[in-house]
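Please read the structure below before turning to the comments.
The values are calculated or read from the model by the stated rules, or taken from the named source; none is laboratory data. Source: prediction; values computed, not measured. When we count neighbours, we look across all protein chains shown, and the Cβ atoms used for this are built from the backbone with ideal geometry, even at glycine.
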Amino acid sequence: SQQGEEDPQALSIQEGENATMNCSYKTSINNLQWYRQNSGRGLVHLILIRSNEREKHSGRLRVTLDTSKKSSSLLITASRAADTASYFCATDARTGRRALTFGSGTRLQVQP
Amino acid sequence: NAGVTQTPKFQVLKTGQSMTLQCAQDMNHEYMSWYRQDPGMGLRLIHYSVGAGITDQGEVPNGYNVSRSTTEDFPLRLLSAAPSQTSVYFCASSYSAMSGNYGYTFGSGTRLTVV
């Protein structure tokens, strides 16, 4: 079963606009991570936020984490056509398997 | 620095055939794992390893075997291929098996079709 579920499933925006993707999860976590996947490629790690952190920035990326609501959001500011990709959240649960559990992803299309 | 290397990139098998998907990393990562990705879905964990000689099952282990004789290599064996195993397979590694808050490095994937 999926631990993380992204919302929306698909998002289409214009270049220069901001893109926001949300992730909900079910169990207590050590950290939550966001990955990007370009079509036909492997996943690339974007950012990791620990359970005791509420917000983290990396370049044009801003991630928030609300452990009380078991949710996270990824904001991409000033989007570019090159940001077109699928974005996945992944959770590192406190108990159980030593492995990340991935959501089903958000497909982002940035129109030039 | 090659990162995580998966071979082959594409493979077509007949039902009942066996094969091994190769995964190698040159980063001295302790942790390695195999996922499968089906259309429109996220990644599902098949098997993982927290170090040489140690493996464990993931969410969808049936029909697959793994071994970890060295830190660098983590091959995935399909015992008797079935059409339901048609998928894209990703190998991933991480510096530590502990909750050390490390991201994964992924290979570029193996696209497998079973006919």
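Among all positions in the range B:26-49, there is no residue which is assigned to a strand (DSSP E or B), more than 23 Å from A:Cys89 (Cβ to Cβ) and either in contact with a His (Cβ under 7 Å, 6 or more places away or on another chain) or β-branched (Val, Ile, Thr) (or both). What are the residues in the range A:20-34 that are surrounded by 20 or more Cβ atoms within 10 Å (Cβ to Cβ) and in contact (Cβ under 8 Å) with a residue 60 or more places away in the chain, if any? A:Met21, A:Cys23, A:Tyr25, A:Ile29, A:Asn31, A:Leu32, A:Gln33, listed by residue number. The listed residues are A:Thr95, A:Thr20, and the only one of them that is modelled with pLDDT under 95 and either in contact with a Ser or Thr (Cβ under 9 Å, 6 or more places away or on another chain) or more than 13 Å from every other protein chain (Cβ to nearest Cβ) (or both) turns out to be A:Thr95. Out of the range B:99-113, which residues are farther than 12 Å from A:Gly42 by Cα, surrounded by fewer than 20 Cβ atoms within 10 Å (Cβ to Cβ) and more than 8 Å from chain A (Cβ to nearest Cβ)? B:Gly100, B:Thr113, listed by residue number. Out of the residues in the range A:74-107 meeting the condition of being among the polar types (S, T, N, Q), in contact (Cβ under 8 Å) with a residue 60 or more places away in the chain and in a loop (DSSP other than H, G, I, E, B), tell me which one is surrounded by the most Cβ atoms within 10 Å (Cβ to Cβ). Checked the range A:74-107; the qualifying residue surrounded by the most Cβ atoms within 10 Å (Cβ to Cβ) is A:Ser79.
Looking across the range A:33-50, just one residue is more than 9 Å from chain B (Cβ to nearest Cβ) and modelled with pLDDT under 95, and that is A:Ser39. Please verify whether A:Leu65 is in contact (Cβ under 8 Å) with a residue 40 or more places away in the chain and not small (Gly, Ala, Ser), treating the condition exactly as stated. No.
Just wondering, is there one or more residues in the range B:49-70 that are over 10 Å from the mean Cα position of the chain (by Cα), among the β-branched types (Val, Ile, Thr) and away from chain A (no Cβ under 14 Å)? Scanning the range B:49-70, I find at least one residue that is over 10 Å from the mean Cα position of the chain (by Cα), among the β-branched types (Val, Ile, Thr) and away from chain A (no Cβ under 14 Å), so the answer is yes. Please work out if A:Ser68 is surrounded by fewer than 16 Cβ atoms within 10 Å (Cβ to Cβ), polar (S, T, N, Q) and within 15 Å of A:Ser24 (Cα to Cα). So A:Ser68 passes the test.
Filtering the range B:23-44 to residues that are in contact with a Leu (Cβ under 8 Å, 6 or more places away or on another chain) and either farther than 24 Å from A:Gly105 by Cβ or of a type in the set (A, V, I, L, M) (or both) leaves only B:Leu43. For the range A:1-17, taking the residues that are crowded, with 17+ Cβ neighbours inside 10 Å and among the polar types (S, T, N, Q), the one that is nearest to the other protein chains (Cβ to nearest Cβ) is identified as A:Gln2.
Do you know which of the residues in the range B:28-45 that are more than 21 Å from B:Tyr102 (Cα to Cα) and without any contact (Cβ under 8 Å) to a residue 12 or more places away in the chain is farthest from the other protein chains (Cβ to nearest Cβ)? Among those residues, the one meeting the criterion is B:Pro39.
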